[in-house]
Amino acid sequence: MISRRNFCKKSLLMAGGLAIPLAALELFDPKRLLAEKADGKKTRWVFLVDTNKCVGCGFCVKACKIENEVPYDANVTRTWVERYIVTRDGKTHIDSPKGARDGFETTKIDIGEGKFEEIKNDDIDKAFFVPKLCNQCDNPPCVQVCPVGATYQTADGVVLVDRSWCIGCGYCIMGCPYGVRFFHPVYHVAEKCNFCYHRISKGMQTACVDACAFGARRVGNIRDPNDPVTKVIMTERVNVLKEEYGTTPQVFYLGLTKEVK
Amino acid sequence: MKSHVWRPLYVVLLVIAAVLVARKIMVPADFGVGSRGYMYGWHRPSNEEQWKQVSVKYRTAEYCKNCHRDKYDEIKKSPHAAINCENCHGPALGHPDDPKSLTIDRNRELCARCHFRLEYRTSGRGKIRGIDPKTHHPELECVTCHWPHDPRKEGRT
């Protein structure tokens, strides 16, 4: 004969047992959690630039221009390298002759209009090189301002331009806070770095990454936790350019300082 | 009812119809709002395929290795191991079918990219051995004395 106390105990236990959902018994899987945190997409291309390693050779710019058929002698380029020299008087000198297509072969700083400024080695506090390219922002202002839907972001995060649909209004060139876009001298439409979409979608590296002998440039998939680039971005002190614009740029830099704009 | 008031209305309707027909013809069938909504999503999805079709010009050292195993092995054992063949030899697209398409750059300026000395101690450049272009044999090409596939060896011309 079941007692009243016993009946209450057992029914409470039963009710409690039924209340535990099956999911509670599942083991915690950080990989699945990372995948579900976002929108379930498997690929999101990102870029990692190590400014400590860059020597300003400009092989990346040369390779990019040839690979992506940007006219070699036109003064436009999808990627470029900037030289920063901070002198003892607190001034920052920045130049990028021809986008550093031919590297930096002189101590003179290009100040524009064919003029050069000599900087003595003793005056230099710090000097370094910063490669620049499209940040493939999560909130791309260039895409937002396009009045005809000619520029857009793919599911894997790369911003592309539809050459047959672009009307050449130039809003996106104005809208990009990083100055990455320009008019293609042959097609007369907006042109920009697209992480060599034809290469990364085949499992290759971008042309600039392959051309870099110093490992200063790397491309990776931030949705893949085993990607070496993802590991660096997650564990080391990386920074992005112009965060205050709210564009959520996806090119990460190691070794940035406040002088870099 | 016949009235002159109706005539402009017909004209307006005709213009609207013409715009709609022109739009139907000119806008690609797949054009529309993609997964990212009205702010970022408008595009023609078939354009993504067009970008994937761009030809790959730089085939990487792994491609060169198939035929030039000896050169590949030599440079990979040298201090220049990290430099890809195509950086100096030009993109391999069209090679070996069209040998002329390779543009081998033997200029001083090519070596200058890394080896003209810049005293930038806070950058990787300052750690590379370099020369002063004004005093170090300005009339000669570097390959006259230095073998680029292994800079420890003497050049051959």
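Miscellaneous remarks
- Restricting the stretch A:178-214 to residues that are more than 10 Å from chain B (Cβ to nearest Cβ) and small (Gly, Ala, Ser), the residue that is farthest from A:GLN136 (Cα to Cα): A:GLY203
- Among the residues of the stretch B:1-26, not one is modelled with pLDDT of 90 or more and assigned to a loop (DSSP other than H, G, I, E, B).
- Matching residues, the stretch B:137-157, being touching a residue at least 40 places away in the same chain (Cβ under 8 Å) and either part of a strand (DSSP E or B) or closer than 18 Å to B:HIS68 by Cβ (or both): B:PRO148, B:HIS149, B:ASP150
- Only residues that are free of Cβ contacts under 8 Å to residues at least 60 places away in the same chain, at the interface with chain B (Cβ under 10 Å from one of its Cβ atoms) and hydrophobic (A, V, I, L, M, F, W, C) were counted across the stretch A:116-139, and they come to 2.
- B:HIS115 satisfies every condition listed in (1) modelled with pLDDT under 90; (2) within 13 Å of chain A (Cβ to nearest Cβ) except (1).
- Just one of the listed residues (B:ASN84, B:ASN107) is without any contact (Cβ under 8 Å) to a residue 40 or more places away in the chain and under 13 Å from A:GLU105 (Cβ atoms), namely B:ASN107.
- All of (1) facing chain A (nearest Cβ under 9 Å); (2) part of a loop (DSSP other than H, G, I, E, B); (3) without any contact (Cβ under 8 Å) to a residue 12 or more places away in the chain; (4) not acidic (Asp, Glu) hold for B:TRP51 with one exception: (2).
- Test: residue in the stretch A:167-185 that is over 25 Å from A:LEU256 (Cβ atoms), in contact with a Pro (Cβ under 7 Å, 6 or more places away or on another chain), in contact (Cβ under 8 Å) with a residue 60 or more places away in the chain and surrounded by fewer than 17 Cβ atoms within 10 Å (Cβ to Cβ): yes
- Residue in the stretch B:64-71 that is within 8 Å of chain A (Cβ to nearest Cβ), on the phi < 0 side of the Ramachandran plot and not hydrophobic (A, V, I, L, M, F, W, C) present: no
- Only a single criterion out of (1) surrounded by fewer than 15 Cβ atoms within 10 Å (Cβ to Cβ); (2) part of a helix (DSSP H, G or I); (3) aliphatic (A, V, I, L, M) is not satisfied by A:ILE66, namely (1).
- Condition check for A:ASP156: within 12 Å of another protein chain (Cβ to nearest Cβ) and under 21 Å from the mean Cα position of the chain (by Cα): yes
- The number of residues in the stretch B:54-63 being in a loop (DSSP other than H, G, I, E, B), more than 7 Å from chain A (Cβ to nearest Cβ) and either over 13 Å from the mean Cα position of the chain (by Cα) or buried (at least 16 other Cβ atoms within 10 Å of the Cβ) (or both) comes to 1.
- Restricted to the stretch A:234-261, and to residues there that are surrounded by fewer than 17 Cβ atoms within 10 Å (Cβ to Cβ) and within 19 Å of A:CYS193 (Cβ to Cβ), the residue that is modelled with the lowest pLDDT is A:LYS261.
- Criterion violated by A:GLU236 - all others in (1) within 15 Å of the chain's Cα centre (by Cα); (2) more than 14 Å from chain B (Cβ to nearest Cβ) satisfied: (1)
- Residue within the stretch B:133-140 that is at pLDDT 90 or above and under 30 Å from A:ASN68 (Cβ atoms) present: no
The values are calculated or read from the model by the stated rules, or taken from the named source; none is laboratory data. It should be emphasised that the depicted structure is a prediction, and the values quoted were computed from it without experimental measurement. Reconstructed Cβ throughout: ideal geometry from the backbone, glycine too, with neighbour counts over all protein chains shown.
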